[in-house]
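The values are calculated or read from the model by the stated rules, or taken from the named source; none is laboratory data. Values in this document were obtained by computation on a predicted structure and should not be read as measured data. Neighbour counts are summed over all protein chains in view; Cβ atoms, including those assigned to glycine, are modelled from backbone coordinates with ideal geometry.
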């Protein structure tokens, strides 16, 4: 599958195989277009190591080791994964829609509006949910008791079922059930980009995938420097296409575009160039561990969403962690034997608050021999930071009144699981990087289908919205490419959709 001829001209090349890349690959290849998907990483092993706590958590065997620098010049390693399926192989399978209001501007919270409405994405949310098999899971007894205690008195919390991408049979496989949140399924019991999208087109004759091949540059047309005509790989190979779709993620997609603008000397002529890499959003994230007097026996755990009207930009969801995993969140000075005992009596919660946009929160490519920059400071979005502090305090207080001892651990800049915004979508090239159809302002043939386009991070996980955005972009692009192709030539019968 890695021997694709470099001389072939594809209808579309997709860079990256996570949520956006896989959905776009499905959307284009299922319409009969010739698609090449290029993934920097390789296939994950199926030997069980992706479910092993030592390999995944303690050794960090599957995480990217790419070094970055922060604003102080210190080295850090963002929570990135280079493998087929991208981060979706490791995510916690929570698949929630954005609320309609989260497509509108909220100036007080430093949130810009989308160039599309919720109604524009609604049909694609529907498609994504069907393909991912999204469902809710009954709240288990341990969590139900905690929620009942939280609801007593003047509690601000209300609960709702948490939409999940988990196979109904996962409860029959204890190892998979205990290790889906932050682990890659071996038995395909979690709906990720591979199982839900790539598997449907992977063996079509009009689809090809190259793995273990970093894309290092964009190639423009010889006739027009603003028309993207292909990509260049690290090994020197060049692949050409009528359209290139970037799905490398919010940390990596803007770096490819930055390199192109610099090489082509287009940063000054194109206003959108000044927004590439800026407005990075990560969510303000905190893990809370709540200790109870009794052992917690729930299996899935991640079944219910907690919301508060007093905290409109925030949400709380349980971590899908068993006692052994929760023990890794307990402070390191605690003896491990004690930490494991505490973990057996604990429930974990994941708290997130939507962060606003600030142009100085950014990623920046600094050349081949210099680590890239990630400059993010939550103090630049003070309203969001204040709400997140209230969120943590409210939940810890509520858990305390419910008889549980709670402590929290803030997720730092390395926690890039929900990174977005660095190729912000908008109608105006003077304030955004891509338009409402995913095309980079000022460039022809270049589209973005990953989380970097999201103008808002919302209060919930971004995965389902990335899938929906990508499906919409692919559908519109497929119509254009098919129309132009049929005008120019007759498609061979063997390439017609089944």
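Condition (residue is assigned to a helix (DSSP H, G or I) and either more than 30 Å from residue 217 (Cα to Cα) or touching a strand residue (DSSP E or B) at 6+ places or on another chain (Cβ under 8 Å) (or both)) applied to segment 355-378: is it met by at least one residue? Scanning segment 355-378, I find at least one residue that is assigned to a helix (DSSP H, G or I) and either more than 30 Å from residue 217 (Cα to Cα) or touching a strand residue (DSSP E or B) at 6+ places or on another chain (Cβ under 8 Å) (or both), so the answer is yes.
List pairs: first residue in segment 405-431 and closer than 17 Å to residue 459 by Cα, second residue at pLDDT 95 or above and outside any loop (DSSP other than H, G, I, E, B) anywhere in the structure, Cβ distance under 6 angstrom, at least six positions apart or on different chains. Short answer, once both residue conditions are applied: 410/286; 411/285; 415/285; 420/281; 420/451; 421/281. When residue 294 is tested against (1) within 22 Å of residue 363 (Cα to Cα); (2) in contact (Cβ under 8 Å) with a residue 12 or more places away in the chain; (3) surrounded by fewer than 19 Cβ atoms within 10 Å (Cβ to Cβ), only condition (1) is not met.
Filter segment 140-151 down to residues that are assigned to a helix (DSSP H, G or I), surrounded by 13 or more Cβ atoms within 10 Å (Cβ to Cβ) and without any contact (Cβ under 8 Å) to a residue 60 or more places away in the chain, then give me how many there are. Don't jump to the end; show me each part of the working.
At the first step, the residues of segment 140-151 found to be assigned to a helix (DSSP H, G or I) are 141-150.
Those still in the list that are surrounded by 13 or more Cβ atoms within 10 Å (Cβ to Cβ) too: 142-147, 149-150.
Keeping just the survivors that are without any contact (Cβ under 8 Å) to a residue 60 or more places away in the chain gives 144-145.
Residues meeting the conditions: 2.
When segment 433-478 is filtered for residues that are free of Cβ contacts under 8 Å to residues at least 60 places away in the same chain, closer than 30 Å to residue 385 by Cβ and part of a helix (DSSP H, G or I), only 453 remains. Does residue 388 satisfy the condition of being crowded, with 17+ Cβ neighbours inside 10 Å, in contact (Cβ under 8 Å) with a residue 60 or more places away in the chain and either part of a helix (DSSP H, G or I) or more than 22 Å from the chain's Cα centre (by Cα) (or both)? Taking the combined requirement at face value, the residue satisfies it. Tell me, yes or no, whether segment 209-227 has at least one residue that is farther than 30 Å from residue 265 by Cα and surrounded by 21 or more Cβ atoms within 10 Å (Cβ to Cβ). Yes; the residues of segment 209-227 include at least one that is farther than 30 Å from residue 265 by Cα and surrounded by 21 or more Cβ atoms within 10 Å (Cβ to Cβ).
Only one of the listed residues (255, 301) is on the phi > 0 side of the Ramachandran plot, crowded, with 18+ Cβ neighbours inside 10 Å and either assigned to a loop (DSSP other than H, G, I, E, B) or out of contact with any helix residue (DSSP H, G or I) (no Cβ under 6 Å at 6 or more places or on another chain) (or both). That residue is 301. For segment 265-288, how many residues are assigned to a helix (DSSP H, G or I) and touching a strand residue (DSSP E or B) at 6+ places or on another chain (Cβ under 6 Å)? Selection size over segment 265-288: 0. With respect to the conditions (1) more than 18 Å from residue 191 (Cβ to Cβ); (2) without any contact (Cβ under 8 Å) to a residue 60 or more places away in the chain, residue 81 falls short on a single one, namely (1).
Just to verify a result, which residue in segment 33-83, among those that are in a loop (DSSP other than H, G, I, E, B) and closer than 26 Å to residue 477 by Cβ, is nearest to the chain's Cα centre (by Cα)? Selected residue: 82. For residue 154, the test of being surrounded by fewer than 21 Cβ atoms within 10 Å (Cβ to Cβ) and either under 23 Å from residue 44 (Cβ atoms) or more than 19 Å from the chain's Cα centre (by Cα) (or both) is passed. Restricting attention to segment 170-206, the residues that are under 16 Å from residue 137 (Cβ atoms), in a helix (DSSP H, G or I) and without any contact (Cβ under 8 Å) to a residue 60 or more places away in the chain total 1. Per the listing 112, 155, 101, the residue uniquely in contact (Cβ under 8 Å) with a residue 24 or more places away in the chain and out of contact with any helix residue (DSSP H, G or I) (no Cβ under 7 Å at 6 or more places or on another chain) is 112.
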